[in-house]
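Have a look at the structure below, then the notes.
Any read-out appearing in this document is the output of simple, stated calculations on the displayed coordinates, not a laboratory observation. As the structure is a prediction and not an experimental result, all values here were calculated from the model. Cβ placement follows ideal geometry from the backbone for every residue including glycine, while neighbour counts extend to all protein chains displayed.
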Amino acid sequence: MSKATFDPTQYNRSINPSFEQVLDKHLSRRHFVRSGLGISALTAVGSLGLAGCSTDSSNSSPVPDPGPDIADRSDVVLGFDSIDGAKLDAVVVPEGYSAQVLAPWGTPLNSLAREWQEDGSNSAIDQQNAVGMHHDGMHFFPLNGSAEDGLLCINHEYIDQSVLHPNGATLDDKKLRIDVDEVRKEINAHGITVVRVQLVNDVWQVIKDDAYNRRITGASVIDLSGPLSFSPYLETPFSPDGSQARGTLNNCGNGYTPWGTYLTCEENWPGYFANNGILPEDQQRIGISETKTRYGWDDLAGDGEERSDEFGRFNVTASGASGSDDYRNEANGHGYIVELDPYKPNSRAVKRTALGRFRHEGCVFGKLVEGQPVVFYSGHDSRFEYLYKFVSAALWDSADAEPYDRLSTGAKYMDAGTLYVAKFTEGGIGEWLPLSLDGKTTDGGILADSFDSLAAMILNTAGAADLVGATPMDRPEWCAVDPFGGSVYLTLTNNNKRVESNAANPRVDNKFGHIIRWDEGANATEFSWDIFLFGAPADGDEAVNRSGLTELNQLASPDGLAFDQRGIMWVQTDNGASAVSDHTNDQMLAIVPSAMVNSQDQQAVVSGDNQDQLKRFFVGPNGCEVTGFAMTSEYTSVFANIQHPGNWPYSNDATEQTPVGMTLRPRDATVVIRKMDGGEVGV
Ligand code: FEO
Ligand code: CA
Ligand code: CA
């Protein structure tokens, strides 16, 4: 069930003139630019349209889709039967699998925290030393290569005050916050958990008091790097030189790096701040509130117990002479990809500003090539927002996979490079538009006409993307990269406000979402794309159920997305569309995209002919969203997160139903899915 807390409002008012007419048929086979022909060459010979996928052998398509090389196809076969949809206070897995609850919200990481209390009475200090709330993106970092011992990094996206506290938020008669400990507890329930976990006697356990365990919260000090660090935009009374920010908030999707660090992504952070004065352009564009903050943390500004403006900083109204006198710049320290070294518990996290400032859903690196730049992809999740990629200035050196200093390696690849935003056009053609100061705007100018520095442009990344003519998408969520061939997949979760379609977002009132994919072209500005999968109810008509889904795999609002190294793509949902949610709770499905070819040996999209290769693997409990994916190296344990369940978990067995009539204080949790015979999951 889609969370109601954040309405993914349309913040983009620019309405780029890049809309195409509705394509009323299945889109849109890619013309593989990787064959060496650039887009300009493709365009020159014309006849683009949908011709490239014609089955007519006389077709004169200039660049026939060669399909993936044999070496680029996974031969893995899904070894389970698609399970039925379910609506239970329990998770459901295929026969022969188990599912265990691990690290639920409030689990103590060390002895400073009391055990989690069923009545919600744990304190702010407890929460600072315990697993946070609303688990989201996640990654497993093995220790000594083990599949049974490692560090789980877990994002905590947001909070539910009615669950976090005994009776919700305590307010005065003006509906203002009055309880300092409650607010600190809320700030501490945000951020990231790093926790040591081990498989002991066939059960995954949290290792309390382990030296690796730690929390990064909404109050932790975090370094800033890249173009915005030490800029005047980041000056605050706390950090007058603009080198540090306090806290990371609304950590949604995640990533990791080839050099062994964790990436956490700041998504719906603007709502935590309010500006009661005149909003600068970037704050208008990104949607900082003009009235109040999401949880009212700033209500306690000036309270006698307040330390270092810990509450007042969320009100970003200018009141003093400069950014060192007030918190006008506090929000400028948010909206980034944050890098964390889980193996160094005393290291500070770093916000990598070069990768852009927006509502980052996730962050994933492209297929690595020795001597070529490292590429990161990240979607901006709001209606009509964009897809971005960052191309490092440094060239990949595989010796950096095991560096002496991981965060220095992060600086090497993530602090300097070029940010691009995607433009999708008909015929499967795409263009990456550079967001550099000499990047061209749609009216023939350059971005330098609008921004006087790279820092100013990155501060308002989405505003710069408006100017170059990026394609407004149906809420870009997670990206994932196929280890076979390197195609990149992006979930576009839904957009029920779309009244005018474009080629890459072809359904108006897109309630069910879709998954688009692309291949990079011969140079950094070219790509080719098609739509891999359309979410839909099984009983949807042809215009809606374009991928021919059935009751065994109908889905809506694809969101979490990940590949494992065998080439299995895992699709998670965050659905609010009743046409599907009447049949099943949120879920996780599996498919092997690189193995899907048509009779012409071309790479196939999901259709009525092959939809049975998309299999439902997991269904979450009532009320939840399924999000976050991690796996051990031997594919024997899969970790997935259950966020905001309604009345679960009842026991350590995630499949055990909460008895009818019993009401629990629900707990977000990781679920570990294993095969009962100890074998590889999924096959
Ligand atoms: Fe936090 Fe876009 O999901
Ligand atoms: Ca999400
Ligand atoms: Ca979502």
Seminar exercise, completed: In Å, the Kirkwood hydrodynamic radius from C-alpha pairs for the chain sits at 25.2 Å
Exercise. What percent of all Cα-Cα pairs in segment 541-683 falls in each 5 Å bin, counting up from 0?
Worked result: 2, 9, 17, 20, 19, 15, 10, 5, 2, 1, 0, 0
Exercise. Sorted by packing (mean other beta-carbon atoms within 10 Å per residue), highest first, where do 90-100, 659-669, 155-165 land?
Worked result: 155-165, 90-100, 659-669
Exercise. What do you get for Rg/Rh over segment 468-569 if you use C-alpha atoms and the Kirkwood form of Rh?
Worked result: 0.98
For this session: Report the antiparallel proportion of the DSSP beta bridges in segment 3-675 as a percent, rounded to a multiple of 5.
Result: 95 percent
Exercise. For labels at Ala211 and Lys174 in the simple 7 Å Cα→Cβ model, what's the distance in nm?
Worked result: 5.1 nm
Problem set entry | Euclidean distance between Cα centres, segment 217-231 to segment 82-135, Å | 30 Å
For this session: Please sort 258-269, 582-593, 471-482 by packing, taking for each peptide the average over its residues of neighbouring beta carbons within 10 angstrom, highest first.
Result: 471-482, 258-269, 582-593
For this session: Please identify every one of the chymotrypsin sites (Phe, Trp or Tyr not before Pro) in segment 597-637 that sits in a loop by DSSP and has no more than 14 other beta carbons within 10 Å of its own beta carbon.
Result: none
For this session: For the pairs Lys351/Lys615; Lys351/Lys423; Lys412/Lys675, note any where the Cα-Cα span goes beyond 31 Å.
Result: Lys351/Lys615; Lys412/Lys675
